[in-house]
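What follows is a single structure, written as structure tokens, with notes after it.
The values are calculated or read from the model by the stated rules, or taken from the named source; none is laboratory data. Not measured: the values here are computed from a predicted model. A quick note on method: Cβ atoms are made from the backbone with ideal geometry, for glycine too, and the neighbour counts reach across all protein chains shown. Heads up: the accessible areas ignore ligands, DNA and RNA and are worked out on the full protein's heavy atoms, side chains in. Shrake-Rupley method; radii C 1.70, N 1.55, O 1.52, S 1.80 Å.
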Amino acid sequence: MNKLIILVFFVLSLSACKKIIQIDLNNAKPVLVIEGNIDDIFGIQQIKISKTNALDGDDVFPKISGATVKVTDNLGNVNVFTEASPGVYNKTMKGIVGRTYSLAVGFAGQTYIASSTMPKKVVLDSIGILKVNLFGKDRKNLVAYFKDPIDDVNFYRYYMYVNRNLVRNIYVSNDRLTNGNAIRQQFFYSSDDVDQLKTGDKVYLEMLNIDSNIFDYWYSLSQQVDRGPNQNATPSNPSSNITGGALGYFSAQTYQLDSLTVK
């Protein structure tokens with residue numbers, strides 16, 4: 001469901017004399033990319049495994065077949081995932097709030113490990129449309145309403161779909177400044193052909209409660225890709241909770257979905 005963006009940067013040393021520096025940008029060793037979720041809704045849970053491309057390659061990562069994938073919880077329950085299609089490993093199960101899930105992926109003699117604890121679910125009360133004036137122009141933004149619990153540290157990830165098309169923005173938040181408050185979370189939206197929601201649009205919002213490591217992953221990635229031209233931070237790979245040299249993330253999370261039609 002989600003596409004991982006790999007960012008690589010090179011530092012060139014400068015000297016007083018002129019020198020031609022040739023860099024082979026295509027010989028970087030491919031790296032495994034793991035993207036996995038376990039949520040609290042009974043159904044198919046999915047782990048995707050691919051590999052990075054050469055720098056001048058396309059943005060379709062080669063899918064990895066033949067890996068061994070299993071998820072174990074802190075009570076010792078083991079769930080073995082089976083390959084449903086190239087690079088996609090599935091298991092029908094349900095995650096439990098409060099349990100820690102450990103992922104083990106074996107491939108080509110290497111084992112990759114990650115763990116994530118499923119946080120408590122913060123109930124999404126409702127979603128709505130808020131009309132705002134931005135730079136003298138009226139626009140409609142999606143808003144989520146919920147009450148942040150005062151006794152917990154909470155991290156949120158949101159996915160927004162407009163007419164069933166996933167919005168590319170990365171939406172994350174935490175309660176560092178809003179702990180215990182009634183939240184009105186606003187989502188700015190634009191696409192290639194429109195810069196706001198319009199009447200008749202069908203909008204879906206997925207709200208996930210995630211742990212702190214996964215928040216760090218999505219937040220660091222958002223700092224790379226959600227800024228305007230010439231505003232990006234120094235490029236780097238987003239922080240990952242996967243050990244063994246792979247990129248990506250493994251998240252145990254709660255899931256909620258709501259939708260509306262823009263009027």
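Summary of computed values
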| read-out | value |
| --- | --- |
| Entries of LYS48/LYS120; LYS29/LYS70; LYS94/LYS121; LYS29/LYS63 with Cα pairs more than 20 Å apart | LYS48/LYS120; LYS29/LYS70 |
| Distance between modelled label sites at VAL80 and SER222, nm, 7 Å Cα→Cβ extension | 3.9 |
| Residue-normalised accessible area of the stretch 32-117, expressed per residue, 1.4 Å probe, Å² | 49 |
| Cα Rg over Rh - the stretch 65-121, Kirkwood | 1.00 |
| Amide H contacts of ARG99 (H built 1.01 Å from N, under 5 Å, at least 5 apart or other chain) | MET118 |
| FRET efficiency, LYS131 to ARG168 (Cβ-Cβ, R0 25 Å, nearest 0.05) | 0.60 |
